[in-house]
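Readers should treat all values here as calculations from the given coordinates under stated rules, not as data from a laboratory. Just so you know, these numbers come straight off a predicted model, no measurement behind them. When we count neighbours, we look across all protein chains shown, and the Cβ atoms used for this are built from the backbone with ideal geometry, even at glycine.
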Protein chains: 2
Amino acid sequence: MSSKCEQCIIRQFNSLKALTKDELLRISGCKTSKFIKKGEIIFEEGETLNGVYCVKDGICKLSKLSANGKDQIVKLVVKGDLLGQRSLISDESVNLSAVALNDMEVCFIPKVEIFGNLKNNSDFSMDVLKQMAHDLKESDNVIVNMAQKSVKQRLAEALLYIHKNFGVNKDGILNVVLSREDYASVVGTATESAIRVLSQFKKEGLISTTGKQIKLEDLEGLKRIE
Amino acid sequence: MSSKCEQCIIRQFNSLKALTKDELLRISGCKTSKFIKKGEIIFEEGETLNGVYCVKDGICKLSKLSANGKDQIVKLVVKGDLLGQRSLISDESVNLSAVALNDMEVCFIPKVEIFGNLKNNSDFSMDVLKQMAHDLKESDNVIVNMAQKSVKQRLAEALLYIHKNFGVNKDGILNVVLSREDYASVVGTATESAIRVLSQFKKEGLISTTGKQIKLEDLEGLKRIE
DNA sequence: ATTTAGATATGATAATTGTCATGTTTTGTT
DNA sequence: AACAAAACATGACAATTATCATATCTAAAT
């Protein structure tokens with residue numbers, strides 16, 4: 001019993017908003033809904049996808065295994081994002097692995113539907129194109145940051161990024177809860193280094209922590225990190 | 001007196017190949033041809049573009065100024081590539097600066113033409129989409145490399161990348177000639193570090209140099225760098 | 001041919017980051 | 001509650017990379 005895409009609010013946050021009522025009805029008919037538990041793998045590097053996932057709830061990480069055996073987290077995915085678009089479009093195997101950081105709810109939309117709409121609805125394809133263009137810009141900016149900034153700067157920016165894009169709960173604690181290892185993997189450093197920098201931020205009053213939970217105490221201070 | 005796009009071979013290498021004869025004729029009518037000297041700026045970060053550049057000849061670098069004042073080269077552009085697509089599509093100012101590394105010849109195609117074709121020719125928009133999807137994958141891979149690999153590894157890979165994608169002349173010398181500063185800027189390190197690593201490669205017989213010209217002497221050796 | 005600015009090269013040293021060892025805390029399981 | 005496993009934390013040290021100083025080489029301009 002799948003609910004109706006026409007009434008799904010999530011769709012407003014991604015390219016599916018450009019679809020017509022008829023197109024949405026068709027998708028409603030063939031999509032499948034899935035619940036994914038924290039830590040579960042949605043797909044893995046090298047797999048072939050036969051559709052895209054629309055994230056209804058929860059957060060996941062997109063990562064790639066480096067030659068040295070360490071995982072690099074390339075992106076964090078919010079509610080509303082589409083997963084697997086890129087691989088679908090270029091008709092290649094998936095380049096990144098997706099792992100749930102929370103319990104998630106996703107809808108799987110088959111490839112044929114997406115391609116049909118890309119071909120026939122230029123509003124939709126234009127929106128997908130815009131989304132990709134935006135992602136590409138973000139990626140280029142990440143490259144520059146990785147290449148030019150220190151671990152301390154990158155970690156400060158990662159915290160600010162999560163704060164801005166995923167928000168905080170009523171107590172001011174970041175909605176995304178990452179392990180220290182995951183932070184290291186976002187920033188591209190050793191786990192111990194990430195731990196050390198977070199400890200330093202704590203000492204300096206820039207953040208406070210309760211277990212894995214992190215609260216940003218001084219946004220301006222974090223922005224000033226050099 | 002602009003030559004005809006219909007007869008331009010370059011177009012086979014980019015998304016313009018998906019255009020119809022009529023569409024190409026229209027572009028022929030409104031495009032402008034430009035010669036750009038080595039070192040000249042094609043466009044700079046923050047500018048607004050009113051079209052895309054189709055690279056007919058020559059090579060250029062796309063770079064971004066980091067907060068620390070250093071340039072990071074994000075991509076090298078070959079003959080056949082389109083410049084400025086991304087910014088045009090997302091309707092934002094340009095994120096990267098483009099500077100000629102050679103004497104170049106480019107054609108400028110106005111925004112309206114591109115958008116018209118994106119809207120009306122789904123083969124064209126699909127091809128642009130594919131190109132962007134491919135670029136996005138490449139960018140993600142670069143992020144992983146920047147984050148996880150050493151300067152030595154990154155420089156070896158940069159040399160191999162240039163070898164593979166831009167080729168060599170009759171003497172086996174890389175077709176792309178970069179200054180040591182540019183190499184540092186590709187790899188994301190200090191100029192002195194880039195120089196040192198290149199010197200080391202030379203000592204180890206992996207490369208040979210004559211001034212700025214570099215020849216790869218041992219491809220397999222470079223691939224094995226750790 | 002000489003000058004000169006810029007690029008290349010290398011040494012010395014400092015700063016950053018990674019690795020290994022080890023201890024503590026947290027978490028989940030029986 | 002007791003235990004084991006995992007995550008977190010920190011010290012000591014090694015490796016990598018950046019910075020500063022200075023020397024040499026190259027290429028362009030006079």
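Numbers below:
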{"quantity": "Highest-fluctuation residue, B:Lys170, B:Lys61, B:Lys70 considered, GNM on chain B with Cα pairs under 10 Å", "calculated": "B:Lys170"}
{"quantity": "Inter-copy label distances at B:Ala190 (7 Å, Cα→Cβ; nm, one decimal)", "calculated": "2.1"}
{"quantity": "Sequence-distant lysines (8 or more away, or on other chains) whose Cα lies within less than 25 Å of B:Lys38", "calculated": "B:Lys56, B:Lys61, B:Lys64, B:Lys70, B:Lys75, B:Lys79, B:Lys164, B:Lys170, B:Lys212, B:Lys215"}
{"quantity": "Nearest-ten-degree value, helix B:21-30 long axis tilted from longest Cα axis of chain B", "calculated": "80"}
{"quantity": "Over the stretch B:23-147, relative contact order from alpha-carbon pairs under 8 Å, at least 6 apart, %", "calculated": "35"}
{"quantity": "In order through the stretch B:120-131: 3J(HN,Hα) via Karplus (6.51 cos²θ - 1.76 cosθ + 1.60), integer Hz, x for Gly, Pro", "calculated": "9, 10, 6, 5, 5, 5, 5, 5, 4, 4, 4, 4"}
{"quantity": "J(HN,Hα) series, the stretch A:63-80, from Karplus relation 6.51 cos²θ - 1.76 cosθ + 1.60, nearest Hz, glycine and proline x", "calculated": "9, 9, 7, 8, 4, 7, x, 9, 7, 10, 7, 9, 7, 10, 10, 9, 3, x"}
{"quantity": "Sum of side-chain charges, B:Gln12 neighbourhood, beta-carbon under 14 Å (Lys, Arg +1; Asp, Glu -1)", "calculated": "+1"}
{"quantity": "Exam field: A:Glu204 pseudo-label spacings to other copies (7 Å along Cα-Cβ), nanometres", "calculated": "3.6"}
{"quantity": "Computed helical MRE - 222 nm, chain A, DSSP H runs ≥ 4 contributing -39500 (n - 2.57), nearest 500", "calculated": "-13000 deg cm²/dmol"}
{"quantity": "Surrounding net charge for A:Asp218, when Lys and Arg each add one and Asp and Glu each subtract one, Cβ distance under 10 Å", "calculated": "-1"}
{"quantity": "Label distances, nm, B:Leu25 versus same residue in remaining copies, Cβ-directed 7 Å point", "calculated": "4.1"}
